[in-house]
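Chemist: First the structure, which I've put down as structure tokens, then a few questions once you've had a look.
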Amino acid sequence: MGSDADMNDVAVYALSLSDTPYRYGGNTPESGFDCSGFVRHVFKHTLGMSLPRTSHEMSRIGDAQKSSRLQPGDLVFYNTMHKSYSHVGIYLGEGKFVHSPRAGSSVRVENMNEDYWVARYNGARRLRP
């Protein structure tokens with residue numbers, strides 16, 4: 001895993017992209033982001049890491065983490081399209097994560113403890129730069 005400072009950089013940069021519009025297939029702040037494009041961009045920009053393109057592929061890298069042991073920078077996965085690992089975000093700490101949710105929306109912070117997210121949680125991974 002990266003240092004705490006590296007993971008804090010990931011979280012801070014991810015938050016700086018708040019309000020960037022959602023765009024299916026998008027992977028830059030200028031074009032907008034889908035969920036995996038957002039995560040890929042943040043990790044490439046802050047740590048120089050190249051991640052797989054889809055959330056499902058991302059769910060197979062790094063180390064699985066229990067929800068009770070999450071740290072800022074961990075990837076959190078959700079079933080939002082009736083398919084496991086169909087959505088990904090970046091854990092910020094204190095039960096919050098940042099993601100690019102859906103068409104008509106933009107990058108924003110969510111509370112993982114809201115019923116919607118609790119019901120769809122698939123797990124988390126910690127990446128090692």
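We did not get these values from a lab; they are worked out from the coordinates using the rules stated. Note that the structure is predicted; figures quoted are calculated from it, not measured. Cβ sites come from the backbone with ideal geometry, for glycine too, and all protein chains shown count toward neighbours.
Chemist: In nanometres, what is the gap between the two model label sites at residue 128 and residue 81, each 7 Å from Cα along Cα-to-Cβ?
Modeler: Output for this residue pair reads 3.0 nm.
Chemist: Sticking with this one: Please say if segment 16-55 is rounded, prolate or oblate, where rounded means a/c under 1.5 for a ≥ b ≥ c the square roots of the C-alpha gyration tensor eigenvalues, and otherwise the choice is prolate for a/b larger than b/c and oblate otherwise?
Modeler: It comes out oblate by the Cα gyration axes.
Chemist: Here's something else I'd like to know. Choose one of 33, 111, 13: the residue whose Cα lies farthest towards the positive end of the charge dipole of the chain (beta-carbon charges +1 Lys, Arg; -1 Asp, Glu; about the Cα centre).
Modeler: Toward the positive end, the furthest listed residue is 33.
Chemist: Who wins for biggest fluctuation among 47, 75, 15 in a Gaussian network model of the chain, springs between alpha carbons below 10 Å?
Modeler: Fluctuation is largest for 47.
Chemist: Taking loop as defined by DSSP and a crowding limit of 12 other beta carbons within 10 Å, which trypsin sites (Lys or Arg not before Pro) in segment 1-81 fit? Show your work: numbers first, answer last.
Modeler: Values: sites: 23, 40, 44, 53, 60, 66, 69; in loops: 23, 53, 60, 66.
Sparse-neighbourhood loop trypsin sites (Lys or Arg not before Pro): 60, 66.
Chemist: Rounded to whole Å, give me the distance from the Cα center of segment 1-42 to that of segment 77-129.
Modeler: So the separation of the two Cα centres works out to 13 Å.
Chemist: Can you tell which of 79, 48, 95 lies farthest toward the positive end of the dipole of the chain, using +1 and -1 charges on the Cβ of basic and acidic side chains (Lys, Arg; Asp, Glu)?
Modeler: Checking the options against the dipole of the chain, the answer is 79.
Chemist: While we're here: Using a Gaussian network model on the chain with a 10 Å cutoff between Cα atoms, which of 101, 72, 29 fluctuates the most?
Modeler: The residue that fluctuates most here is 29.
Chemist: Let me ask something else. Starting from the Cα of residue 66, draw a straight line to each of the lysines and keep only those under 18 Å, dropping any in the same chain fewer than 8 residues away.
Modeler: Excluding near neighbours in sequence, the set is 96.
Chemist: If you take Rg and Dmax of the Cα atoms in Å from the coordinates, which of (1) 13.3, 39; (2) 12.9, 35; (3) 15.8, 50 do you get?
Modeler: Recomputing Rg and Dmax of the Cα atoms in Å here gives the entry labelled (2).
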